[in-house]
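**Q** Here it is, the structure in full.
The values are calculated or read from the model by the stated rules, or taken from the named source; none is laboratory data. All of these numbers come straight from a predicted model, not from anything done at the bench. All Cβ positions, even for glycine, are placed from backbone atoms using ideal geometry, and neighbour counts span all protein chains on display. Calculation scope for accessible area: heavy atoms of the full protein, side chains included, ligands and nucleic acids excluded. Shrake-Rupley method; radii C 1.70, N 1.55, O 1.52, S 1.80 Å.
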Amino acid sequence: MKSFTIFLALMITMGSCNAQKTGKTGKALKVTVFKGHTATVNSYIFSNGKSQIVMDVLRSSEEAKQLAQQIKAAGLPLTHILITHGHPDHYIGMDILHKAFPDAKIVVASPEIKNDIKNFSLWMESVGWLDGEVNLKPKSDKNPDGFDYDNAISVLSDDQLKLNGGGILELKTKYDPAEAEHLTTVYSKDLNALFTSDFCYNKVHLWLGTGVDHVHIQNWKNQLAALKTKYAKTNPVIYPGHGDTSDISLFTTVTKYIENFERVTAGAKTKKEAMEAMKKLYPDWKQDDFLLLYSVDYHIKE
Ligand SMILES: [Zn+2]
């Protein structure tokens, strides 16, 4: 009987210990992947059971509506919409998300990324690419109802984004220009996960098109080598900008892809020849008709 009482007391003590621990750190952080169809781009929804943050918001407003529905269905407030870089496949959905969650702040990790987003939209508007996404046309004297890039997007003053109710996302932007001029990666210690944004693609052809010249390509390879070294011991889960979740072997896969692309485009006489060679090397990789096509187009002059 005595030993049973001690056992019981021990169990109660252990129980309260666990409860305290849970109380201190909040509920466990979770991440949900929303796989976009257009450009095979990902959105990531972070939740700690009390609030949510979404990272990147897809290439089309139609798909962003589905993303908004999924976030709403969780029944928790959305506090932030984080855009990792100024490429439209990661930010076109922000007007839809902004309207669905007026209290959520659209945030970026540096003023340069805010400029990249606005400048890309101004350029897209100038070539007619926003005619199908009129809500993203920049606000101006001519278009007073346009998207107000200057006021709608805030630059974070910190390199951390804290979830309301516990959990920290560590943001990093000090990278040399590579896939994009400026890019944010997100690390979560709680999840032991690295969200590489477009430093990594998994079974999706890489964007090596306009803006990604030979210096950018060299920087990209250097950065992948640095990430490989940095995360060798902690072995985090890798969540790429495009394609499926992976592990740190993805750094090597992406590096090899870039080397193959360089070799193929340096040796091919025509764009068609390069397209065929890359498709033969990567037969099951997606987006050959868009990402690969424009990448080959940029690097081979006929
Ligand atoms: Zn992308």
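**Q** Please report, largest first and rounded to whole Å, the three semi-axes of the ellipsoid equivalent to the chain, where each semi-axis is the square root of five times an eigenvalue of the C-alpha gyration tensor.
**A** 38, 26, 16
**Q** Consider just the alpha-carbon atoms of region 26-172 and return their Rg together with their Dmax, both in angstrom.
**A** Just the Cα atoms of region 26-172 yield Rg and Dmax of 14.8, 48 Å.
**Q** So for the pair Glu276, Asn260, with labels modelled 7 Å out along Cα→Cβ, what separation do we get in nm?
**A** Those two pseudo-labels are separated by 1.7 nm.
**Q** What length, rounded to one decimal in nm, is gained on full extension from Asp297 through to Lys139, with 0.36 nm per residue of separation minus their alpha-carbon distance?
**A** Value of the extension gain: 53.7 nm.
**Q** With point charges of +1 on the Cβ of Lys and Arg and -1 on the Cβ of Asp and Glu, referenced to the Cα centre of the chain, which listed residue (Phe147, Ala274, Thr184) lies farthest in the positive direction of the dipole?
**A** Thr184
**Q** Given the whole protein assembly as supplied and a 1.4 Å probe, what does the accessible area of Asp297 come to in Å², nearest 10?
**A** Result for Asp297: roughly 70 Å² accessible.
**Q** Turning to a different aspect of this structure: What pairs in Lys30/Lys256; Lys174/Lys221; Lys50/Lys189; Lys272/Lys301 have C-alpha atoms more than 21 Å from each other?
**A** Among Lys30/Lys256; Lys174/Lys221; Lys50/Lys189; Lys272/Lys301, the Cα-Cα distance tops 21 Å for Lys30/Lys256.
**Q** Another question about this same structure. Leaving out ligands, DNA and RNA, what percent of the accessible area of region 26-128 is carbon and sulfur, probe 1.4 Å?
**A** 53
**Q** Determine the dipole magnitude for region 26-172: charges of +1 sit on the beta-carbon of Lys and Arg, -1 on that of Asp and Glu, nothing else is charged, the reference point is the Cα centre, and the result goes in debye to the nearest 20.
**A** Dipole of region 26-172, to the nearest 20 debye: 620 debye.
**Q** Same structure, new question: Please identify the chymotrypsin sites (Phe, Trp or Tyr not before Pro) of region 63-149 that satisfy two criteria: DSSP loop assignment and at most 16 other Cβ atoms within 10 Å. Which are they?
**A** Qualifying residues, ordered by number: Trp129.
**Q** Please state the charge dipole magnitude for the chain, taken about the Cα centre, from unit charges on C-beta atoms (+1 on K and R, -1 on D and E), reported in debye and rounded to the nearest 20.
**A** Dipole magnitude for the chain comes out near 1420 debye.
**Q** Hey, another quick one. Excluding residues fewer than 8 places away in the same chain, name every one of the aspartates and glutamates whose C-alpha is closer than 14 Å to that of Lys142.
**A** List returned: Glu125.
**Q** Taking amide H atoms as placed 1.01 Å from N in the peptide plane, list the residues 5 or more away in sequence, or in a different chain, whose amide H sits under 5 Å from that of Ile106.
**A** Result for Ile106 returns Ile81, Ser154.
**Q** How large is the convex hull of the Cα atoms of region 122-275 per residue, expressed in Å³ as a whole number?
**A** Cα convex hull per residue, to the nearest whole number: 163 Å³.
**Q** What accessible area per residue, rounded to a whole number of Å², is obtained for the chain using a probe radius of 1.4 Å?
**A** 51
**Q** May I ask you to rank Ser140, Ser121 by accessible area, largest first, using a 1.4 Å probe over the protein chains only?
**A** Largest accessible area first, the list is Ser140, Ser121.
**Q** Moving on to the next point. Kindly state, to the nearest 0.05, the FRET efficiency for Ala28 paired with Gln69, given R0 = 25 Å and r defined as their beta-carbon distance.
**A** 0.55
**Q** For Lys99 and Trp123, FRET efficiency with R0 = 30 Å and r from the beta-carbon atoms, rounded to 0.05?
**A** Efficiency for this residue pair is about 0.80.
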